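To keep things clear, I will list the structure first and then write my remarks on it.
The values are calculated or read from the model by the stated rules, or taken from the named source; none is laboratory data. Note that the coordinates shown come from a computational prediction; the quantities given were computed from them, not determined experimentally. In this analysis, Cβ positions are derived from the backbone assuming ideal geometry, glycine residues included, and neighbour counts consider all displayed protein chains.
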Amino acid sequence: MIRFNKNYFLLAFLIFWIEVFIALYVHDAFVRPYIGDVLVVILIYCFVKSFFDCPVFPVSLSVLLFSFAIETLQYFNGITLLGLENSSLARTFIGTSFAWLDLLTYVIGIVIVLVVEKMVIKKT
């Protein structure tokens with residue numbers, strides 16, 4: 001079950017740096033809020049698959065539920081509830097504002113994962 005996969009790790013590493021680039025240099029109304037959210041679930045998926053050799057669907061579903069949980073935490077102002085309102089790191093990773101569209105972007109990201117994984121599995 002635990003096995004390092006360098007391909008997933010390298011993909012997670014690449015997506016992480018794309019996310020950093022978006023966060024630092026892209027200040028628009030589409031790429032940053034929407035593409036960034038699509039990519040973040042793909043990033044989390046690839047990171048998990050870097051270390052765990054688990055089936056695609058359970059990992060995808062777990063990442064989606066985790067993302068929904070974080071968004072729900074934002075809805076209930078979780079940063080304040082956890083006493084982390086002064087932590088810029090927590091504010092960055094957990095987020096501070098709920099948006100219904102974020103849930104849709106997470107679903108889109110996971111659908112991309114499932115489609116790509118299915119295409120890769122067909123080729124092998």
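Close contacts from the stretch 71-87, counting a first residue that is polar (S, T, N, Q) and a second that is at pLDDT 90 or above and surrounded by 12 or more Cβ atoms within 10 Å (Cβ to Cβ), with Cβ to Cβ under 6 Å and a gap of 6+ residues or different chains, come to Gln74/Phe98. All but one of (1) loosely packed, with under 15 Cβ neighbours inside 10 Å; (2) modelled with pLDDT under 95; (3) farther than 25 Å from Lys6 by Cβ; (4) not small (Gly, Ala, Ser) hold for Leu73; which doesn't? It is condition (1) that Leu73 fails.
The set of residues from the stretch 86-108 being out of contact with any Asp or Glu (no Cβ under 7 Å at 6 or more places or on another chain) and either not hydrophobic (A, V, I, L, M, F, W, C) or not in a helix (DSSP H, G or I) (or both) comprises Asn86, Ser87, Ser88, Arg91, Thr92, Gly95, Thr96, Ser97, Ala99.
When restricted to residues that are modelled with pLDDT under 95 and loosely packed, with under 11 Cβ neighbours inside 10 Å, the stretch 4-27 contains 3.
Looking at Phe16, Phe93, Phe30, just one residue is without any contact (Cβ under 8 Å) to a residue 24 or more places away in the chain and under 13 Å from the mean Cα position of the chain (by Cα), and that residue is Phe93.
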